Amino acid sequence: MMEATVPLLAAWRTDPGLVRSHNEDFVIVYEPESPGDYQLHGPLYIVADGVGGADAGEVASQYASERTLYHYLQSTQFDTRGARLIEAMQSANTDLRRLAVERDDSRRMATTMVAAVIQDDRAFIGNVGDSRAYLWRGGAISQVTRDQSLVARLVEEGALTAEEALRYPYKNVILYSLGSEKRPPIDLFEVELEPGDHLLLCSDGLTRHVSDEEIARIMAGEEPGAAVETMVRLARQRGGEDNITVAIIQYGPHVVGQAAVPEMDAEAATRTIARPRPETQAVYQAAPVVAAAEPHPRMWPLLLALTTIMIVMIFLLWLFIQQTTAI
């Protein structure tokens with residue numbers, strides 16, 4: 001059975017920003033050219049944000065992205081493209097760890113990754129780290145992925161409020177990434193697409209400077225090509241403190257300037273297929289305060305006697321020392 005296709009329009013842009021001397025972000029896109037390849041693989045979009053410093057992050061993001069695409073195209077035995085994508089990301093993780101050993105480099109090589117593959121009227125989105133995927137529909141936007149970061153975990157567990165999280169000093173600390181462990185917990189989400197929907201993949205260099213509401217307004221008023229340029233330019237104007245990467249995938253026709261709906265039912269549009277998490281202890285849990293126990297009322301005579309004996313012994317020792325010194 002041939003896969004029913006809805007026209008896709010995609011645009012992407014990566015920029016080093018204004019502070020960093022090199023770009024550790026990487027974006028790679030696979031858009032099949034033949035009907036056979038479209039039926040077999042579908043289009044795939046990947047955004048990665050490398051960590052590690054120097055050239056380690058730059059190498060990690062590009063290498064992991066290229067290996068994810070390679071493994072995805074080589075493997076076709078999975079029931080859904082979502083499962084196939086997650087396994088490709090895990091294989092790329094293994095490849096990246098092997099590369100770090102071969103380079104004999106003490107620097108950490110790791111990268112975040114968010115990837116989306118289209119199958120019929122569904123999008124499967126894999127995510128590890130704090131790069132993000134959003135769904136824009138009818139003028140409203142919702143975050144599909146969940147940040148795998150320290151600050152997100154603290155908010156999730158109630159240790160921080162959303163307002164406190166905005167000022168949290170360690171917002172850039174991520175909990176999981178490709179390259180950091182043997183098999184990182186990669187989340188998988190499924191989005192039921194409707195004509196006119198847009199998917200946005202981005203690194204945190206965008207969301208550090210541009211709010212979700214601003215992203216929604218830009219996507220409502222501009223085609224994908226112009227929208228990615230506007231978002232990158234806005235992030236640069238506000239400091240460009242990190243590398244900035246944006247990819248927008250438009251599913252079907254888009255009406256420019258479409259008015260926003262009051263609120264989108266993100267739960268109805270998005271289904272979480274897998275959010276694997278290692279079992280962890282709650283962090284920043286306050287220890288219970290235990291009051292010091294009062295001495296038992298009947299023990300005070302014994303304590304007094306012991307104290308008196310100690311004083312007498314100290315006094316006798318002092319006398320002995322004095323006599324010995326005099327002799």
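In terms of surrounding Cβ atoms within a 10 Å radius of their Cβ, H22, H254 rank from fewest to most as H22, H254. Computed log10 I(q)/I(0) for region 167-213 at 0.16 Å⁻¹: -0.78, from the Debye equation with unit scatterers placed on every C-alpha and solvent omitted.
Using the 10 angstrom Cβ neighbour count as an exposure proxy, how do S21, S91, S211 rank, fewest first? Please report the intermediate quantities before stating the final value.
On the way: S21 5, S91 17, S211 9.
Lowest count first: S21, S211, S91.
Compactness of region 94-243 is given as radius of gyration and Dmax, 16.8, 50 Å, from Cα positions. Here the calculated FRET efficiency for E213 and E66, from their Cβ-Cβ distance with R0 = 35 Å, stands at 0.50, rounded to the nearest 0.05. Working note: Cα gyration tensor of region 1-130, eigenvalues times five, square-rooted, sorted largest first, giving semi-axes of 29, 17, 10 Å. With Cα atoms as the point set, the radius of gyration and Dmax of region 55-169 evaluate to 16.7, 50 Å. Each label was represented as a point 7 Å from its Cα along the Cα-to-Cβ direction; for A226 and R122 these points are 3.5 nm apart.
Please report, largest first and rounded to whole Å, the three semi-axes of the ellipsoid equivalent to region 30-91, where each semi-axis is the square root of five times an eigenvalue of the C-alpha gyration tensor. Provide the component values of the computation, followed by the final result.
Details: eigenvalues 128, 32, 12 Å².
For region 30-91, the semi-axes come out at 25, 13, 8 Å.
Could you tell me the calculated FRET efficiency between L166 and Q77, based on Cβ-Cβ distance and R0 = 30 angstrom, to the nearest 0.05? Plugging the Cβ-Cβ distance into 1/(1 + (r/R0)^6) gives 0.10.
Going from the fewest other Cβ atoms within 10 Å to the most, the residues R167, R122 appear in the order R167, R122. Treating r as the C-beta distance of T5 and Q143 and R0 as 22 Å, the FRET efficiency rounds to 0.25.
All of the numbers you see were taken from the coordinates with simple rules; none came from a lab. All values reported here derive from a predicted model rather than from experimental measurement. Quick reminder, even Gly has a Cβ in these numbers, built from the backbone with ideal geometry, and neighbours come from all protein chains shown.
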